[in-house]
Structures are given as C-alpha cells and as structure tokens.
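Engineer: Starting off with a structure, shown below.
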Amino acid sequence: MSEKTTDFDMIIVGAGFAGLYMLHKMRGLGYKAHVVEKGTDVGGTWYWNRYPGARCDIESLDYSYQFDEDLQQEWEWSERYATQPEILKYLRHVADRFDLRKDIDFETTVKAAHFDEGSGKWNIKTDKGDFTARYCVMATGCLSSPNIPDFKGQDSFKGDVYHTGYWPHEGVDFTGKRVGIIGTGSSAIQSIPLIAEQAAHLYVFQRTPNFSVPAHNGQIDAARIANVKSHYKEYRAQNKTRLAGFGEDGKYQEMSIFDVPAEEVQAELDRRWAVGGLQFGGGFADTLFDKKANDIAAEYVRGKIRETVKDPKTAELLCPDSVLGCKRMCVDTNYYDTYNRDNVTLVDVSGSGVQELTEKGLIAAGDEYELDAVVFATGFDAMTGSLNRIDIQGIGGAKLKDKWSEGPKAYLGLMIAGFPNLFTVTGPGSPSVLTNMVPTIEQHVEFIADAIEHLKKAQKTTIDADPEAQDAWVAQVRGIADMTLLPTCNSWYQGANIPGKPRVFMPYLGFPSYIEKCEEVVAKDYEGFKVG
Ligand code: NA7
C-alpha cells in the first residue's frame, strides 16, 4: 500500500461552498489540492445548521454556483428559498458531479497552521496527521463558530440542550415538551414557528427584537425558472452590478425617500412587503444613511408587527427600536403570527438577561421556567471565530490571534500581512455577509487561483499583503461603515455579540465597488500585494 500523500500545492480548510469550488478550480488548473473538513460530509454551514426551518434568505436561483453552465442548467430548485436539506443535497451533488470527495479528508479538524520560512511552506496540523503545502486556504466560513454563552449553572440542567448551529442529524422531536429558546435572531425566527407546532409550550427568551420580513416562500414558478435559465449568464452578470449582488431594480432606489410623495412611499413599501425577502430594505437611497429615512421603513415593519400580533404587550416587545438593517434583517414564515398561539410565551430578558440554568430549567427576569429542552439560538463568533480557533502562525512565528487582538486586519478580506500564501475566503474586510455569499465566494476563489497562476507565470513563489495597503483597506472598510447607520447597533457585523470581542466593523459594504477594486489591483500588477 502506498504511503498517504501529505505534501500538496494547496491545503483547503473546509468543504462548504468555498472549499469545494476552490478544490475544483485548483484541480482544473493542474494543482495538487486537498481539503480537510471537520464534518462527516460536505456542506459547511449547510452541514451543521440543521435546525427546524433552516433555509437560505437569498433566493435559490441566486444562491447557487454559476461557474459551470451545465450545473446551473441541470439543477432544479424546488422552492423560492431553498431549505437546508435541499442546499445540502445540491452541495453533495456538486461534490459527486465533479468527483471532489476523493480529495477530501472528512472528520478531520485542523488544529494549527504554521508558516515555515525555510521551506516557504505551510505546516498544517490536524487531529489525524500533518500536511505541508505551499498555499493554504481558509475556507472556514463566516458564521461557523457557534456562540454558546457561559450561563451560570450551565451544566446543571437535566433536560436536553441544543445549539441551532450544531443540530443533531437525526432531528429532534419536541412533541409534548416544554421548550425554551434563547435568542431571536435569524436561526430562532426560522425555527420558532416549527418548534411551536410540536412543543407543549415554547418560551422564547428575547434580549433584543429583530426586524423580520415575510419570505412569501413557495414552489418556484416554472415560468420563472425557465426565464432565468434561458439567460442565466446575463442574469448573473446583472446581479454582479447590484449593491448586494442580488435583488431587483426598484423605481426609487436612487432617490431619497423624502423626494417621493408619501402615498408613493407607502405603495412602494406595500409592494416590497408583498414581494417579500431582504429586498424590502432596498427601496430608497437613504434608508441606510439617514435615521429619519430609516424610521419610515422601520415604522412600517413595526406597524405590520402590531397588526399581526394580537396581544399588544407582546407586539410592543417584538418591535425593535433600532435601525432597520443595522442587524441583518430576518426573513420568516409565520414568525410574528406564532405569538398568537396559546402555547407560545415571549419572555423579555432585555434587562437582566437569562441569569442561570438550573436543574429544572432556567431563571430569567427573576422567574424560574421549568423546561424539558433548551435551544441556544445564540448565533456565532462571526467572521473571525473559526480562524482564531486554529493556531495560525506566520512570519517569525507571529500568531494571528495576537495580530488581531484589537480587531481583525486583512487586505480585501483575502490575505493577512505577515501570513504569506495563506488566503481567506470571505475573511474580514470582504463584502461576504453583506452580499449573496455564493457569487462572492466564487469571485474570491477565482481571485486566489488567478493570483497563484500569476506567481507561476512570473516564476515567483510567494504572495503576501502589504501592511500599508492592508491598513488603508481596513480604514476604508470602517470609513464606509461609518457613513451608514450600520454601526449603530450591537450586531455581529462588528463583533458586539461576543463578550470581550473588539468592536470593529468587519464586512466591506459595497459589492460592485469591491469587484472593481479587485480588478484594479490585478490590472496594476497586484497592487497592495508583495510578490517574491
Ligand atoms: P444572531 O443573529 O447573532 O442571533 C443570536 C440571538 O441570540 C440574538 O437574538 C441575541 O441577542 C441572542 N443572544 C446571544 N447571546 C445571548 C445571551 N447571552 N442571552 C440572551 N440572548 C442572547 O444569530 P443567528 O444564528 O440567529 O443568525 C446568524 C446569521 O445567520 C443571520 O444574521 C443570517 O445571516 C444567517 P442580542 O441581539 O445579541 O441581544
């Protein structure tokens, strides 16, 4: 039996959307690439997040790969917003179709990645053995390191405990159970209506309410599928010109809401609400910049909440007083209506929070709730969590964790100065989570592959971010965010959901401008990168 190869051109960490395409791309270019994946199968985010109701909030015709025309033509999405099982099935199909599994080690966790200046290679340590590779790509995801708050008495609870991001593969039957769910972010908002249908009683422990807009999900209209598929390439190209990489062109989106007559504003908000989805927030040019403009759209949603939820006290508790869109809006099916059920109670923990887990349940706002199961829908250590979990060391043994102790710094969200030949797909400073993630991932993967081809042609072996270019990019990311209302609430965009995490706005706001910037960087011979 031959020895297992441990030296590769590239090691890719993670087998989600990013890792799979990176592998396919590099293999196609003739490189020896290999993926290391913690899960038992491909899927990344869509492998782990199996909670009831988990689905994408971007439409399935958009949230899919475009790198292969045959793939996008042959795959049939069934619903407007794909469920987690359907996206996982799609990614499994992609892995089989391009024969990717043979180059993936599953159930293997990367513990460390150290740059060896002598060999110019990365030494990658896993729990199953070590690898060396000239290039290392962290395709570790943005929302992939679950946040489990450290409540007092955490281990004393005798019932079942779940986190939405680590959901059991076999599913959970809550029939007849008293269930408590902590959190009211997107994962909670998607799962609450379904858990409520099963549970004897569901208590929702809410620290901060979120804005949610209806998905109006359903089977995708066959005519729409045929239409998009008849010109998929042009359809994708048009999306690339849009602010978040998806959506529609609205009549007023270049206009201030104050320049549009009030009845037309109302009609446009009604129209967007009826269409459903994240596009609700994109109607007017100033919604994300001017608090008064934002208030109009925010108050519209509050009106819908008050209209839907029968108990006025519960309705008020569900109405956010923050800026619409400063936390990622949620997209739901029957979320607000679920509070009209007799077996659902909203518990306000905005003051003292969930105080303690006990043997029988939990204590919140001074009262003990007896429960059979607790669901943590408490989100993720976004954008940096999965990178910081790995002991990454660059030039001179410098640790990434130390370099990022005051907040993450990266150039274009793709490379980190001092960590040569290490790439991040959708790292901090990438537009990633503010866009349709799949096309953004494809763009990053293609940028990385092109950069490596560039090195090969130039007979060079190393690429690294220039610290000054990196600092300028970090300043630009923050500068743009500061022009908007986005930093005004405690969002995971700026690390505010994790105690002690430095508060730095991480994603770059501006998808078409990001692509233009990357193209300019390449045209200027990899401006801002040091090639050697
Ligand atoms: P989110 O959006 O980060 O939501 C997490 C929720 O958990 C949010 O309501 C938090 O309240 C709440 N939370 C977190 N810690 C606590 C503690 N200690 N006590 C009470 N409540 C807490 O995560 P999701 O998984 O729902 O969604 C993540 C993204 O995935 C989403 O934006 C989409 O892009 C898809 P808080 O608001 O911090 O007061």
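Engineer: Only one of Lys327, Lys292, Lys313 is among the basic types (Lys, Arg), within 13 Å of the ligand (Cβ to nearest atom) and farther than 17 Å from Arg272 by Cα. Can you tell me which?
Structural biologist: Working: Lys292 fails: within 13 Å of the ligand (Cβ to nearest atom); Lys313 fails: within 13 Å of the ligand (Cβ to nearest atom).
Lys327 is the lone residue from the list that is among the basic types (Lys, Arg), within 13 Å of the ligand (Cβ to nearest atom) and farther than 17 Å from Arg272 by Cα.
Engineer: Okay, moving on. Scan region 231-244 and tell me whether some residue there is touching a strand residue (DSSP E or B) at 6+ places or on another chain (Cβ under 9 Å), within 16 Å of the ligand (Cβ to nearest atom) and not basic (Lys, Arg).
Structural biologist: No: zero hits.
Engineer: Moving on. Among the residues of region 501-524, are any closer than 17 Å to Glu406 by Cα, within 12 Å of the ligand (Cβ to nearest atom) and surrounded by fewer than 17 Cβ atoms within 10 Å (Cβ to Cβ)?
Structural biologist: There is no residue in region 501-524 that is closer than 17 Å to Glu406 by Cα, within 12 Å of the ligand (Cβ to nearest atom) and surrounded by fewer than 17 Cβ atoms within 10 Å (Cβ to Cβ).
Engineer: Leu202: open to solvent by 30 Å² or more (accessible area, probe 1.4 Å) and in contact with a helix residue (DSSP H, G or I) (Cβ under 7 Å, 6 or more places away or on another chain), yes or no? Don't jump to the end; show me each part of the working.
Structural biologist: Numbers: open to solvent by 30 Å² or more (accessible area, probe 1.4 Å): no; in contact with a helix residue (DSSP H, G or I) (Cβ under 7 Å, 6 or more places away or on another chain): yes.
When the stated conditions are applied, Leu202 does not pass them.
Engineer: So which residues in region 183-198 are among the hydrophobic types (A, V, I, L, M, F, W, C) and open to solvent by 10 Å² or more (accessible area, probe 1.4 Å), if there are any at all? Spell out how you get there, then give the answer.
Structural biologist: First pass over region 183-198, keeping only residues among the hydrophobic types (A, V, I, L, M, F, W, C): 188-189, 192, 194-196.
Listed by number, the list holds a single entry, Leu194.
Engineer: Hey, does region 438-459 have a residue that's out of contact with any Asp or Glu (no Cβ under 7 Å at 6 or more places or on another chain), open to solvent by less than 10 Å² (accessible area, probe 1.4 Å) and within 16 Å of the ligand (Cβ to nearest atom)? Write out each step before concluding.
Structural biologist: The first filter runs over region 438-459 and keeps only residues out of contact with any Asp or Glu (no Cβ under 7 Å at 6 or more places or on another chain), leaving 438-459.
With open to solvent by less than 10 Å² (accessible area, probe 1.4 Å) added as a condition, the list becomes 438, 440, 442, 444-445, 448-449, 451-452, 455.
So of that shortlist, the ones also within 16 Å of the ligand (Cβ to nearest atom) come out as 438, 440.
Checking region 438-459: at least one residue is out of contact with any Asp or Glu (no Cβ under 7 Å at 6 or more places or on another chain), open to solvent by less than 10 Å² (accessible area, probe 1.4 Å) and within 16 Å of the ligand (Cβ to nearest atom).
Engineer: Next up: Filter region 215-255 down to the residues that are open to solvent by 20 Å² or more (accessible area, probe 1.4 Å), touching a residue at least 40 places away in the same chain (Cβ under 8 Å) and more than 19 Å from Val438 (Cα to Cα) and list them by number.
Structural biologist: Across region 215-255, the qualifying residues are His216, Asn217, Gly218, Gln219, Ile220, Arg224.
Engineer: Looking only at region 333-389, which residues are over 24 Å from Glu307 (Cα atoms), away from the ligand (no atom under 15 Å from the Cβ) and in a helix (DSSP H, G or I)?
Structural biologist: Leu387, Asn388
Engineer: In addition: Which residue out of Gly407, Gly361 is surrounded by 15 or more Cβ atoms within 10 Å (Cβ to Cβ) and under 30 Å from Gly510 (Cβ atoms)?
Structural biologist: Details: Gly361 fails: under 30 Å from Gly510 (Cβ atoms).
None of the other options fit; the residue is Gly407.
Engineer: Next question, about the same structure. Would region 202-214 turn up any residue that is over 24 Å from the mean Cα position of the chain (by Cα), closer than 30 Å to Ile448 by Cβ and not in a loop (DSSP other than H, G, I, E, B)? Reasoning before the result, please.
Structural biologist: In the first step, residues of region 202-214 are kept if they are over 24 Å from the mean Cα position of the chain (by Cα); the result is 202-203.
With closer than 30 Å to Ile448 by Cβ added as a condition, the list becomes none.
No: region 202-214 contains no residue that is over 24 Å from the mean Cα position of the chain (by Cα), closer than 30 Å to Ile448 by Cβ and not in a loop (DSSP other than H, G, I, E, B).
Engineer: List every residue pair whose Cβ atoms sit under 7 Å apart, with the two residues 6 or more apart in sequence or on different chains, where the first one lies in region 429-444 and is without any contact (Cβ under 8 Å) to a residue 12 or more places away in the chain and the second, anywhere, is surrounded by 24 or more Cβ atoms within 10 Å (Cβ to Cβ) and β-branched (Val, Ile, Thr).
Structural biologist: none
Engineer: Would it be correct to say that Val474 is within 16 Å of the ligand (Cβ to nearest atom) and either buried (at least 22 other Cβ atoms within 10 Å of the Cβ) or part of a helix (DSSP H, G or I) (or both)?
Structural biologist: Working: within 16 Å of the ligand (Cβ to nearest atom): no; either buried (at least 22 other Cβ atoms within 10 Å of the Cβ) or part of a helix (DSSP H, G or I) (or both): yes.
Taking the combined requirement at face value, the residue does not satisfy it.
Engineer: Could we say that Asp150 is modelled with pLDDT under 95 and either surrounded by 15 or more Cβ atoms within 10 Å (Cβ to Cβ) or in a loop (DSSP other than H, G, I, E, B) (or both) here? Let's see the steps before the verdict.
Structural biologist: On the way: modelled with pLDDT under 95: yes; either surrounded by 15 or more Cβ atoms within 10 Å (Cβ to Cβ) or in a loop (DSSP other than H, G, I, E, B) (or both): yes.
So Asp150 fits the description; yes.
Engineer: Among the listed residues Tyr508, Tyr526, identify the single one that is modelled with pLDDT of 95 or more, at positive phi and outside any helix (DSSP H, G or I). Step through it out loud before you land on a result.
Structural biologist: Working: Tyr508 fails: at positive phi.
The conditions single out Tyr526.
The values are calculated or read from the model by the stated rules, or taken from the named source; none is laboratory data. Note that the structure is a prediction, hence the values are computed from the model and not measured. No Cβ is skipped: glycine too gets one built from the backbone with ideal geometry, and neighbour counts run over all protein chains shown. Areas reflect the complete protein model, heavy atoms only, side chains present, ligands, DNA and RNA absent. Shrake-Rupley method; radii C 1.70, N 1.55, O 1.52, S 1.80 Å.
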